[in-house]
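The values are calculated or read from the model by the stated rules, or taken from the named source; none is laboratory data. Keep in mind it's a predicted model, so treat the numbers as computed, not measured. Here the Cβ positions follow ideal geometry from the backbone for every residue, glycine too, while neighbour counts run over all protein chains shown.
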Amino acid sequence: MNIESIRQEFPILHQNINGKPLIYFDNAATSQKPLAVIRAVEQYYQTNNANIHRGVHTLAERATADFEATRQTVQAFINAESLENVIFTRGTTEGINLVAASYARTFLKTDDEILVSSLEHHSNIVPWQLACEVTGAKLKVIPILDSGELDMEVFEKLVNEKTKIVAVTHVSNALGTINPVKSIIQKAHQFGAVVLLDGAQASPHLRIDVQDLDADFYVFSGHKVYAPTGIGILYGKKDLLERMPPYMGGGEMIKEVSFEKTTYNTLPHKFEAGTPNIADTIALRHALEFMNRIGQTHIAEHEQKLLRHATEAFSVIPKLRIVGTAKEKASVVSFVVEGVHHLDVGMMLDANGIAVRTGHHCCQPLMKRLGIAGTIRASFAVYNTTAEIDIFVAELKKILEIV
């Protein structure tokens, strides 16, 4: 795998920030986009701009074909059973909200239980809280160990016949922890619970096979897998999706409408009301094809090399403490520096052209559990290099000498 060749596909990387070459280590927030993705958006608006599914003219037919080709690519990317399992959303957050509003509010009753974990992004907490307020169900939390790993012994005790939904992240956005989701799914299914996996951070780094996992719902965002913002995927098992009422009403999700009664469209269109984000959906296909061309195994191997290199380098920096030391991690390193606020470190790194994320990473309950206000998070993608990490470490050492 030629990293320099891959880097040439990302025009944004070749610029100076504050007079220094950009080093982009904020990939857990959003990835950069290759030329193929940028050009796909441009081509749609230049040559095929039309609404889809409804028109019989040439532009509409071409746009529809490109749009639905993405659904086929996604089906293969996650190994879904059929195209009917693949629902387009605006992102991970909307996918979780769709399931919480449509499935949870329909089928949960008073004193049923939803399990989430201490690692969750707010997007995988708040929708379930809202569902509990409506249904009378209770939210239970799987705790974590100091390493940032789930306490699976407590999970085994928490899941029971009252458990109806388990919603956990596949990979922690804040710490990089890879959760044992297959074991979680197997245990939950023993009690008849359904499982939703937040795959926002897993999808760029891991091979996703929803059938092998036996996930009931799986959600992820395009912008984490080198595609534009505003497009996401909800995978759901067909029998569950068919039982769920529509999330939104409008065009596309109907078969027939009268003032007396409306009949709904078949899957997947039942959950895709209104004109979709056509251009960015088409671009998602090009992003996944980019990943497929490189090979997810090769991407994962390279990112693990970066993770090891960074972890070793950070471990010997005085006053720096890595937060999250799980045995299984994706390419995320979060850390704190004794006596220095994380925001100050982030701003000084930016002054040297290095982009990292600072703060609570939309995981306030996790930060409270860890007893910290936030972390500095460096997260890596396929286009990052060990040389960039070495520059990062050198600049960080200089910063810590003066603060």
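Could you tell me whether any residue of segment 89-105 is charged (D, E, K, R), outside any helix (DSSP H, G or I) and surrounded by fewer than 16 Cβ atoms within 10 Å (Cβ to Cβ)?
No, the conditions are met nowhere in segment 89-105.
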When you go through (1) among the small types (Gly, Ala, Ser); (2) in a strand (DSSP E or B); (3) under 30 Å from Ala36 (Cα atoms) one by one for Ala283, which number turns out not to apply?
(2)
Here is a check on your reading of the model: is Ala60 assigned to a helix (DSSP H, G or I) and either touching a residue at least 12 places away in the same chain (Cβ under 8 Å) or exposed (fewer than 14 other Cβ atoms within 10 Å of the Cβ) (or both)?
no
In the list His302, His309, which residue meets the criterion of being closer than 30 Å to Leu396 by Cβ, at pLDDT 95 or above, crowded, with 22+ Cβ neighbours inside 10 Å and of a type outside the set (A, V, I, L, M, F, W, C)?
His302
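Residues that are touching a Leu at 6+ places or on another chain (Cβ under 8 Å) and closer than 28 Å to Val126 by Cα, at least 2 per element: which strands (runs of 3 or more DSSP E) completely within segment 290-403 meet that?
332-337, 357-359
For Lys164, state whether it is part of a helix (DSSP H, G or I), out of contact with any Ser or Thr (no Cβ under 8 Å at 6 or more places or on another chain) and over 16 Å from His121 (Cα atoms).
No: the conditions fail for Lys164.
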Segment 31-55 residues that are under 15 Å from Pro228 (Cα atoms), paired with ones that are β-branched (Val, Ile, Thr) (beta carbon under 7 Å, 6 or more apart):
Ser31/Val225; Gln32/Ile12; Ala40/Ile282; Tyr44/Ile278; Tyr44/Ile282
Over 15 Å from Arg308 (Cβ atoms) and at pLDDT below 95, is that true of Glu338?
yes
In this structure, does Val316 turn out to be at pLDDT below 95 and β-branched (Val, Ile, Thr)?
yes
